[in-house]
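K.L.:
What follows is a single structure, and I will ask about it in a moment.
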Amino acid sequence: MREVVSSILKLGLINSGMFDTLELNTDVRAVHLVGVNNVGKTSLIERIQFLYFPDLREMHFSKSLSETLAFYFRREGSYVLFAVRTVRGTQRTLGVYGTGSAESRRVFAFD
């Protein structure tokens with residue numbers, strides 16, 4: 001029997017942080033983020049918390065929570081999307097939509 005491991009296959013961003021759009025394939029053996037300062041390496045890593053921690057109080061960011069939410073979720077609306085492989089081997093897309101505040105965040109999933 002083949003063991004199935006859950007994993008993040010892709011990270012997608014729309015109007016989030018410093019990215020108007022971004023699609024990052026993470027379905028590889030290793031992901032290396034390389035770039036000069038202030039291009040978004042740390043913010044990409046910090047975004048993964050939105051997948052694993054549904055409670056904002058459990059997350060840890062470089063800035064305050066209100067600054068962080070305003071950065072990741074622009075006023076006009078932003079999406080953080082994760083294409084994931086489940087432990088059953090199926091694929092799902094999980095996402096967070098927001099407009100800059102904790103109250104505006106909406107978490108959703110679809111196959």
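K.L.:
With a 10 Å cut-off between alpha carbons and a GNM built on the chain, which of Leu69, Leu33, Leu13 moves the most?
P.N.:
Highest fluctuation among the options: Leu33.
K.L.:
Over the Cα atoms of the stretch 1-82, what radius of gyration and what Dmax do you get, in Å?
P.N.:
Computed over the Cα atoms of the stretch 1-82, radius of gyration and Dmax are 13.9, 48 Å.
K.L.:
Which residues make up the longest stretch of the chain clear of GluC sites (Glu not before Pro) that lie in a DSSP loop with no more than 16 other Cβ atoms within 10 Å, not counting the sites?
P.N.:
Excluding the exposed sites themselves, the longest stretch runs over 4-75.
K.L.:
Residue-wise, which Karplus ³J(HN,Hα) couplings in Hz belong to the stretch 31-44, taking 6.51 cos²θ - 1.76 cosθ + 1.60, θ = phi - 60°, and x for glycine or proline?
P.N.:
Couplings: 10, 10, 9, 10, x, 5, 4, 6, 10, x, 4, 5, 5, 5 Hz.
K.L.:
Provide the gained length on full extension for the span Phe53 to Lys41, in nm with one decimal, where the gain is 0.36 nm per separating residue minus the Cα-Cα distance. Can you show the working numbers first?
P.N.:
Numbers: separation 12, 0.36 × 12 = 4.32 nm, distance 1.98 nm.
Extra length from Phe53 to Lys41 when fully extended: 2.3 nm.
K.L.:
Here's a follow-up. With a cap of 14 neighbouring Cβ atoms within 10 Å, and only residues DSSP puts in a loop, list the trypsin sites (Lys or Arg not before Pro) found in the stretch 51-90.
P.N.:
Lys63, Arg75, Arg88
Every read-out reported here was derived from the displayed coordinates using simple, explicitly stated rules and does not represent laboratory data. Since this is a predicted model, take the numbers as computed values, not measurements. Backbone-built Cβ (ideal geometry, glycine too); neighbour counts: all protein chains shown.
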